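S.K.: First, the structure itself, so that you have it in front of you.
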Amino acid sequence: MLARTVTHALVGLDTRRVEVEAHLQRGVPGFSIVGLADSACQEAKERVRSGIASAELEWPLRRITVNLAPAGLRKEGSGFDLPIALSILAASGQIPRERLAEHAAVGELALDGRLRPVGGVLALAEAARRAGLSRILCAARSAAEAALADIEPVPLHHLAEAAAYLRGEGEPEPYFEDNGHPPAEESLPDLADVRGQERARRALEIAATGGHNLLLAGPPGTGKTMLARRLPGILPPLSTAEALEVTRIHSVAGMLSPDRPLVTTRPLRSPHYSASVAALVGGGSGPRPGEVSLAHRGVLVLDEFAEFQRPALEALRQPLEDGVVSIARVEGRAVFPARFQLVAAMNLCPCGARGDPAAECKCSPQRLAAFRDKLSRALLDRFDLVVAMPRPRAVELAAAPSEGSAPVRERVESAREWIESGRPSWSKEATELLDRAVERLPLSGRGRARSRRVAETIAALAAKPTVSAAHLAEALAYRSPTELGPT
C-alpha cells in the first residue's frame, strides 16, 4: 500500500519539489523515515504518531516506511509533519489518494493534532502554484501568507479537519483576505526630531534618492544613530513586487506576524556589533538569511561600525557589490538577495573624543592604529557618502523642529522619477573636474564611478538634465576622508 503527498523543501529562498511517499507492509510494526531527513524531520515520527491518535484516526499496525524523495536532497524543518501524516492516512485507506494528489501540504503537528505554522510558506505556496496545484493544505495561521502566492489556501486547525476535508465530509472555514480591519501601518521615526546637522541631513536625502551607502563619523552624542534610523522614513514605499520579495525573506526566517502577512514598510535592521559573520551575512548548517538579507529593499544600520569584527565587515563587500549573498555547502548553494542601503555610524577614535573640541583624545598611536586597521580601504571605498558630524551648538539644539520626513520624501520620490526618465548628460566642466579628481584625490575606479552616480543624484534633486561642475564638486566633498582609513 503506497500513497504520496506533494510538498516542497527550501534551499535558501529556492524550493525543490519533494514527494512524501508512505509504504505500508506486513511485518513487525515499526516506523522509519528515509531520504536524508534532518533531526527535526526524524522527530516527526513521534509528532505524527501522537497527532493521528489525538485526531481519533487509526494508526496502522504495519511496518511503515516514509521516503522523502528525492533522496539526495537534504530535508530540514518540521513542515513535513502534515505531508507525512496525510501520506500514512492515504496509504492506510483512511483518506482518498486521488483527492490528496490534487493538493500540496505543509505544516507542523502538535502532539494533540493541532496544526502549527512554519516558516517559508509563501515560497512553498508559490512553488505549489508553479507545479500546477490549485490548493495548499496549511495551518490556519499560515493561510493569509499562502494566499499571497495566488493559490487557494485550505486553512486547518487540526489534523482531524484535514482528514474530514479530504474525505469530502466538510469544508474548513473559508479564508477571507480582507476582513475589513487592516492592521495599522508601522510608524517610522521622523526627521523633524533631528536638530541642526544640515550637511548630514542633506547627505541623507542624497542617499535616499540614489540608494547610496552612507558613513556618519563623529564624537558620541552628535546624532549619528538618530539620523541613520530616519532613512526608511524618507524612502519611497515598497512596490508590490518589492513587498513580496521582502515578505518571502522574512517568512523563511520565521519573522512574519500572522496579523501582518505582507511586509509593507521598508525593513530597518540594526544588529549589535558583536554579530558574527553568519549572523550578518547568513549561513549556518541549514543556511538562513542574515541581517543583510533581512534588510533587503531597506536599510542596514551598523552602529559602532569600527567595533564590529573585521571578518564580519569584510564579508559585507560581496553583498554591497553584487546585491546577493551566495553560501556554498556540500549539498549545494543557497542564494539570498541582499540589496540594501548601508548606513554606518562610528567614532573617530576608540575613546570617542577625537573631533570634539570640548574633549581631548587620549588614545595612544598604537591603539588608534589598531582601531583604523579594522576598516580596510576596500570597504571604505564602498561608501558613496562620508559625513563628519560635529557636536551641535546650543542654539541648534534649542531651535524649532526642522523639516519633517514627509516633504523630504516627496522630493526623493520626484528625484527618483527624474532619474528613471533617463541618465543626465555631463557638462564639459564637470567631466574635466572628474578627470582632475581621479589624479589628485586620488580616486579608484570604483570611487570614480560612485562619485559620478552621486553627482547625477544631486543633479536629479535639482531637477537638472545636465550634471554641472557644482554638482560634482558636492559629490566629491562627500568622498571618504583619508583619516578614516588605516595608516
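The values are calculated or read from the model by the stated rules, or taken from the named source; none is laboratory data. Everything numeric here is computed off the predicted structure, so don't read it as measured data. In this analysis, Cβ positions are derived from the backbone assuming ideal geometry, glycine residues included, and neighbour counts consider all displayed protein chains. Please note that ligands, DNA and RNA were not included when accessible areas were found on the heavy atoms of the full protein model with its side chains. Shrake-Rupley method; radii C 1.70, N 1.55, O 1.52, S 1.80 Å.
S.K.: Checking Ile249 against (1) under 11 Å from the mean Cα position of the chain (by Cα); (2) modelled with pLDDT under 95; (3) aliphatic (A, V, I, L, M), only one condition comes out false. Which one?
M.R.: Exception for Ile249: condition (2).
S.K.: Give me the residue from the range 1-24 that is farther than 20 Å from Val48 by Cβ and surrounded by fewer than 16 Cβ atoms within 10 Å (Cβ to Cβ) and, out of that set, farthest from the chain's Cα centre (by Cα).
M.R.: Per the criteria, the residue is Arg16.
S.K.: With the requirement that a residue be free of Cβ contacts under 8 Å to residues at least 40 places away in the same chain, more than 19 Å from Ala163 (Cα to Cα) and touching a helix residue (DSSP H, G or I) at 6+ places or on another chain (Cβ under 7 Å), what does the range 132-147 give you?
M.R.: Correct list: Ala146 only.
S.K.: Do we find a residue being among the β-branched types (Val, Ile, Thr) and either in contact with a Cys (Cβ under 7 Å, 6 or more places away or on another chain) or modelled with pLDDT under 95 (or both) anywhere in the range 208-219?
M.R.: Initial filter on the range 208-219 (among the β-branched types (Val, Ile, Thr)): 209.
From the residues that got through so far, the ones that are either in contact with a Cys (Cβ under 7 Å, 6 or more places away or on another chain) or modelled with pLDDT under 95 (or both) too are none.
Checking the range 208-219: not a single residue is among the β-branched types (Val, Ile, Thr) and either in contact with a Cys (Cβ under 7 Å, 6 or more places away or on another chain) or modelled with pLDDT under 95 (or both).
S.K.: Could you please find all residues in the range 25-78 being assigned to a loop (DSSP other than H, G, I, E, B), of a type in the set (D, E, K, R) and surrounded by fewer than 16 Cβ atoms within 10 Å (Cβ to Cβ)? Don't jump to the end; show me each part of the working.
M.R.: Looking only at the range 25-78, we keep the residues that are assigned to a loop (DSSP other than H, G, I, E, B), and these are 26-29, 35-36, 38, 43, 55-62, 70-74, 76-78.
With of a type in the set (D, E, K, R) added as a condition, the list becomes 26, 38, 43, 56, 58, 62, 74, 76.
Result: Arg26, Asp38, Glu43, Glu56, Glu58.
S.K.: Taking the stated definitions as given, is Ile88 assigned to a strand (DSSP E or B) and either open to solvent by 40 Å² or more (accessible area, probe 1.4 Å) or at pLDDT 95 or above (or both)?
M.R.: Details: assigned to a strand (DSSP E or B): no; either open to solvent by 40 Å² or more (accessible area, probe 1.4 Å) or at pLDDT 95 or above (or both): yes.
Judged against the criteria, Ile88 is not a match.
S.K.: For the range 22-32, state whether one or more residues are of a type in the set (Gly, Ala, Ser) and closer than 27 Å to Arg129 by Cα. Outline the logic, then answer.
M.R.: The initial filter retains those residues of the range 22-32 that are of a type in the set (Gly, Ala, Ser), namely 22, 27, 30, 32.
Of the ones still in play, those that are also closer than 27 Å to Arg129 by Cα are 22.
Yes, the range 22-32 has at least one match.
S.K.: Ala160 - would you say it is assigned to a helix (DSSP H, G or I), at pLDDT 85 or above and either within 31 Å of the chain's Cα centre (by Cα) or not basic (Lys, Arg) (or both)?
M.R.: Values: assigned to a helix (DSSP H, G or I): yes; at pLDDT 85 or above: yes; either within 31 Å of the chain's Cα centre (by Cα) or not basic (Lys, Arg) (or both): yes.
Judged against the criteria, Ala160 is a match.
S.K.: Does Pro219 satisfy the criteria of being in contact with a Lys or Arg (Cβ under 9 Å, 6 or more places away or on another chain) and touching a residue at least 60 places away in the same chain (Cβ under 8 Å)?
M.R.: Values: in contact with a Lys or Arg (Cβ under 9 Å, 6 or more places away or on another chain): yes; touching a residue at least 60 places away in the same chain (Cβ under 8 Å): yes.
Here the answer is yes, as Pro219 does meet what is asked.
S.K.: Need pairs with beta-carbon distance below 9 Å; first residue closer than 22 Å to Leu216 by Cβ and within the range 352-372, second open to solvent by less than 60 Å² (accessible area, probe 1.4 Å) and not in a loop (DSSP other than H, G, I, E, B); sequence gap 6+ or separate chains.
M.R.: Qualifying pairs under 9 Å: Arg354/Leu368; Gly355/Ala217; Cys361/Leu368; Cys363/Phe371; Phe371/Ala306; Arg372/Ala306; Arg372/Leu484.
S.K.: Please work out if Ala406 is of a type in the set (Gly, Ala, Ser), surrounded by fewer than 18 Cβ atoms within 10 Å (Cβ to Cβ) and not in a helix (DSSP H, G or I). So that I can check it myself, show each step before the final result.
M.R.: On the way: of a type in the set (Gly, Ala, Ser): yes; surrounded by fewer than 18 Cβ atoms within 10 Å (Cβ to Cβ): yes; not in a helix (DSSP H, G or I): no.
Spelling it out, it is not the case that Ala406 is of a type in the set (Gly, Ala, Ser), surrounded by fewer than 18 Cβ atoms within 10 Å (Cβ to Cβ) and not in a helix (DSSP H, G or I).
S.K.: Yes or no: Leu316 under 12 Å from the mean Cα position of the chain (by Cα) and crowded, with 21+ Cβ neighbours inside 10 Å? It would help to see each step written out before you state the result.
M.R.: Details: under 12 Å from the mean Cα position of the chain (by Cα): no; crowded, with 21+ Cβ neighbours inside 10 Å: yes.
Criteria not met by Leu316.
S.K.: Sticking with this one: Considering only residues that are among the aliphatic types (A, V, I, L, M), open to solvent by 30 Å² or more (accessible area, probe 1.4 Å) and under 22 Å from Ala241 (Cα atoms), which ones fall in the range 95-133?
M.R.: Ala131
S.K.: For the range 259-269, how many residues meet the condition of being open to solvent by less than 50 Å² (accessible area, probe 1.4 Å) and either within 17 Å of Ala344 (Cα to Cα) or in contact with a Phe, Trp or Tyr (Cβ under 7 Å, 6 or more places away or on another chain) (or both)?
M.R.: 1
S.K.: Six or more apart or on different chains, Cβ atoms under 7 Å: show the pairs whose first residue is in the range 252-278 and within 29 Å of Asp150 (Cβ to Cβ) and whose second is open to solvent by 30 Å² or more (accessible area, probe 1.4 Å) and assigned to a strand (DSSP E or B).
M.R.: Sorted first by the residue in the range 252-278, then by its partner, the pairs are Val252/Leu10; Ala253/Arg288.
S.K.: Take the range 276-310 and flag every residue that is assigned to a helix (DSSP H, G or I), out of contact with any Leu (no Cβ under 6 Å at 6 or more places or on another chain), open to solvent by 10 Å² or more (accessible area, probe 1.4 Å) and closer than 25 Å to Pro220 by Cα.
M.R.: Listed by number, the residues that qualify are Glu307, Arg310.
S.K.: On to the next question. Scanning the range 93-135 for residues that are in contact with a Cys (Cβ under 9 Å, 6 or more places away or on another chain) and in a strand (DSSP E or B), which turns out nearest to Ala53 (Cα to Cα)?
M.R.: Of the range 93-135, the ones in contact with a Cys (Cβ under 9 Å, 6 or more places away or on another chain) are 104-107, 115, 117-118, 121, 124-125.
Narrowing further to those that are in a strand (DSSP E or B): 104-105, 115.
Working: Ala104: 23, Ala105: 20, Leu115: 14 Å.
Of everything passing the filter in the range 93-135, Leu115 is nearest to Ala53 (Cα to Cα).
S.K.: Tell me which residues, restricted to the range 321-372, are touching a helix residue (DSSP H, G or I) at 6+ places or on another chain (Cβ under 9 Å), closer than 30 Å to Arg297 by Cβ and open to solvent by less than 30 Å² (accessible area, probe 1.4 Å).
M.R.: Within the range 321-372, Val325, Ile327, Phe336, Ala338, Phe340, Gln341, Leu342, Val343, Ala344, Ala345, Met346, Asn347 qualify.
S.K.: Given the criterion in contact with a strand residue (DSSP E or B) (Cβ under 8 Å, 6 or more places away or on another chain) and not charged (D, E, K, R), identify the matching residue among Ser39, Ser32.
M.R.: Numbers: Ser39 fails: in contact with a strand residue (DSSP E or B) (Cβ under 8 Å, 6 or more places away or on another chain).
Result of the check over Ser39, Ser32: Ser32.
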